[in-house]
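Visitor: Before anything else, here's the structure in question.
The values are calculated or read from the model by the stated rules, or taken from the named source; none is laboratory data. Here the structure is a predicted model, which means the values were calculated and not measured. FYI the Cβ positions are ideal-geometry reconstructions off the backbone, even for glycines, and counts take in every protein chain you see.
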Amino acid sequence: MRRTGKEPLWNSLLEEHHYLGYEQPPGEHLKYLVWGQGRPVACLAWSSAVRHLRSRDRYIGWNAEARRRNLRFIAYNPRFLILPWVTVEHLASHILGRMASRISADWERIYGHPIYFLETFVDPERFRGTCYRAANWVWLGKTTGRGKQSNSYVPNRSIKEVLGYPLAKQFRELLLGPG
């Protein structure tokens, strides 16, 4: 949906209804607007992965060099919004399952390379991450609460849970490989 006539709608829905508001996703990114019965029902953003994430890096088993070569094969889900007027049970986990089945091909079509792994953060002070767990996402650990711009080892934001979803059975081999 990037660079289409629907993008302003996506941006405004996020700005109005997501607790974090709208923010342009960094780096490579895709935006999805999910429709049902002629109305928007959900918005998702996917972007370039977080550069340093201890729990994810440990789960994958890669070193700094492998991460540098292959980070582009991971997509981060910074925004997921089911619009407030939508009351369909299990819709969120259903959408996550559908995203998992198509995002790699969409990413490859736009950016020339596939995606092998998805990641997201869940703020446990606000959410339980039930839809991700129902869609078989794996708990990887927690963030340090410092954020990417921190110059110290002191947490300056809430600590988030890190969840991941392998898109390929051999995701570790693909992410550890030559890139």
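Visitor: Just one of Glu65, Glu119 is within 15 Å of Trp137 (Cα to Cα) and acidic (Asp, Glu); which is it?
Guide: Glu119
Visitor: Taking the range 51-72, which residues are within 30 Å of His17 (Cβ to Cβ) and touching a Ser or Thr at 6+ places or on another chain (Cβ under 9 Å)? Working first, answer last.
Guide: Here is the first cut: in the range 51-72, the ones within 30 Å of His17 (Cβ to Cβ) are 51, 53, 55-56.
Of everything in the range 51-72, those that are within 30 Å of His17 (Cβ to Cβ) and touching a Ser or Thr at 6+ places or on another chain (Cβ under 9 Å) turn out to be Leu53, Ser55.
Visitor: Something else about it: Of the residues Leu53, Leu83, only one is buried (at least 19 other Cβ atoms within 10 Å of the Cβ), in contact (Cβ under 8 Å) with a residue 12 or more places away in the chain and of a type in the set (A, V, I, L, M); which?
Guide: Leu53
Visitor: Which of the following residues is under 19 Å from Leu175 (Cα atoms), of a type in the set (D, E, K, R) and assigned to a strand (DSSP E or B): Glu119, Glu65?
Guide: The unique qualifying residue is Glu119.
Visitor: Looking only at residues that are farther than 20 Å from Trp46 by Cβ and not acidic (Asp, Glu) in the range 87-99, which one is modelled with the highest pLDDT? Give the steps one after another, and end with the answer.
Guide: Let us first name the residues in the range 87-99 that are farther than 20 Å from Trp46 by Cβ, namely 87-90.
If we keep only those that are not acidic (Asp, Glu) as well, we get 87-88, 90.
Details: Thr87: 91, Val88: 93, His90: 96.
For the range 87-99, the residue satisfying everything is His90.
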